[in-house]
1. Of all the residues that make up the range 284-307, how many are assigned to a loop (DSSP other than H, G, I, E, B) and within 14 Å of Ala137 (Cβ to Cβ)?
2. Only one residue in Asp286, Asp280, Asp301, Asp332 is surrounded by fewer than 22 Cβ atoms within 10 Å (Cβ to Cβ), touching a strand residue (DSSP E or B) at 6+ places or on another chain (Cβ under 8 Å) and either among the charged types (D, E, K, R) or in the same structural domain as Asp395 (by TED's automatic domain parsing) (or both), so which one is that?
3. For the range 368-396, which residues satisfy the criterion of being touching a Gly at 6+ places or on another chain (Cβ under 8 Å) and either part of a helix (DSSP H, G or I) or not charged (D, E, K, R) (or both)?
4. Quick one: which of Ala114, Ala104, Ala89 is under 28 Å from Val285 (Cα atoms) and of a type in the set (Gly, Ala, Ser)?
5. State all residues of the range 308-318 that are in a helix (DSSP H, G or I) and either closer than 18 Å to Pro142 by Cβ or under 12 Å from the mean Cα position of the chain (by Cα) (or both); if no residue qualifies, say none.
6. Scan the range 164-171 and give yes if some residue there is outside any strand (DSSP E or B), under 24 Å from Cys42 (Cβ atoms) and outside the structural domain of Ala18 (by TED's automatic domain parsing), otherwise no.
7. Any idea which residue in the range 2-61 is surrounded by the most Cβ atoms within 10 Å (Cβ to Cβ), counting only those that are among the aromatic types (Phe, Trp, Tyr) and either at pLDDT 95 or above or outside any helix (DSSP H, G or I) (or both)?
8. Can Leu389 be described as of a type outside the set (Gly, Ala, Ser) and either closer than 30 Å to Leu52 by Cβ or in contact (Cβ under 8 Å) with a residue 40 or more places away in the chain (or both)?
Amino acid sequence: MAFEYDLITLGAGSGGVAASRRAAALGAKVAIVEGSRVGGTCVIRGCVPKKLMMYAAQYADALREAAGYGWSLGDAEFAMPRWAQAKAAETARLEGVYRQLLSASGVELIEGFARVVGPNRVAVGERTLSARHLLIATGAAPVRDSLPGIEHCAVSDDLLDLVHLPRRAAVIGSGFIAIEFASILARLGVEVSLYYRRPLPLRGFDDDLRQRAAQALQAAGVRLHPNSAPQRIDKLEGGLLLRFADGEAHEFEYALNATGRRPNTAQLGLETLGIELGADGAVPVDGQQHTAAEHVYAIGDVTNRRNLTPVAIAEGRALAESLFGKARREVDLSLVASAVFMLPPIATIGPTEAEAVAAGHALKVFESDFRPMRQTFFGGAERSYMKLLVDAQTDRVLAVHMLGADAPEIVQSLAVALGCGATKAQFDRTIALHPTAAEEFVLMREPARVIAAGAAG
């Protein structure tokens, strides 16, 4: 059977674009289909604009600290409309870059919503396309049905398009998105209340980081409501009413629904290929991104495995090289760094302490908890926390966890060392770069505690 394309990619986000461009570079005829803006969640409504908002929020701290460093400043005011205008211009610029990259790579961009209509066939509007291989890279979207009335709340997409900040806001959830936006909004002067079902935010992170994240949020003025989540949300004139199981109700001008994201698989027609989706709508794949259907693959958030933009990019490039290159490639997801861009930020790589213990490791746990020099000089209270998990038998550094200024930049560098199998002895032999916060990672000599193998349970 003759096919119109070698590869059709559904979704022009970071992963889909990376896969398509690499496939084209290897000689494949490629089309990519996108029903919204080119660039996907990260570029248009996620990582990039959120980071730009975080930068804006950081200036609030810098301006408050400036007097302690000898600066005399007049009254400062954050103009949200000006930021929103600049953000829109930047995302438009980046979308243009993505479009140019696709064009320069020889990838055909087809705009519209795609639906799989049979083996090797995709419909876009009235046009039916055929390809030897299909790639599902449609990402994920905010959950909008987690509780009655949640549809009245904004989601992250909406918040990033705000032109005017609310005076009081509720944030519902305790994952990346909830924590980041609660922290950012508070720094920008919004009265923020954070509601979440568990005792600590950021499930899946190391417990020591979670505790310090909660403390940092409180220090920033966020009102924490652990073990608490609304049961229903009613829309009022000029606001929202959050109702709780104990009969309490709280009114807010604005509420952010950050209760999770769900893979974008509705209406894709994957059932026509016999692909059974997970309970959350995720596309199941093996280690090389194969789905249950022959010549159909999936990468990134639509698989709901490690929902990080660099993972999607790595998966996309590896798949393209496996399909059109000289050797099969598989992405190793066993050691992937991640960050939470709250203020101060969190970064981590490797297992949590609980996970390492459960895996049977004998552990040496090294910790450092301190006020950085920048804070001590002007009397600031912000702290940094660093933690190393070391296998007591092999001396290999298993994990790095950090909360504090520049944590993502520091942990990104240390991720290389962990990927190379660095030992604690090698950390110890490294000459410190002084004065830096990062030097603490090579100066921690005595373990805070030692945990015997098999201590779990």
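1. Total satisfying the criteria: 7.
2. Result: Asp280 is the single residue among Asp286, Asp280, Asp301, Asp332 that is surrounded by fewer than 22 Cβ atoms within 10 Å (Cβ to Cβ), touching a strand residue (DSSP E or B) at 6+ places or on another chain (Cβ under 8 Å) and either among the charged types (D, E, K, R) or in the same structural domain as Asp395 (by TED's automatic domain parsing) (or both).
3. Across the range 368-396, the qualifying residues are Pro372, Arg374, Phe377, Phe378, Gly379, Gly380, Ser384, Tyr385, Met386, Leu389.
4. Details: Ala104 fails: under 28 Å from Val285 (Cα atoms); Ala89 fails: under 28 Å from Val285 (Cα atoms).
On inspection, the qualifying residue turns out to be Ala114.
5. Passing the criteria: Thr309, Pro310, Val311, Ala312.
6. In the first step, residues of the range 164-171 are kept if they are outside any strand (DSSP E or B); the result is 164-167.
Keeping just the survivors that are under 24 Å from Cys42 (Cβ atoms) gives 165.
With the extra rule that they be outside the structural domain of Ala18 (by TED's automatic domain parsing), the set shrinks to 165.
Yes, some residue in the range 164-171 is outside any strand (DSSP E or B), under 24 Å from Cys42 (Cβ atoms) and outside the structural domain of Ala18 (by TED's automatic domain parsing).
7. Checking each candidate, the answer is Tyr5.
8. Criteria not met by Leu389.
The values are calculated or read from the model by the stated rules, or taken from the named source; none is laboratory data. All values reported here derive from a predicted model rather than from experimental measurement. We place every Cβ from the backbone using ideal geometry, glycine too, and count neighbours over all the protein chains shown.
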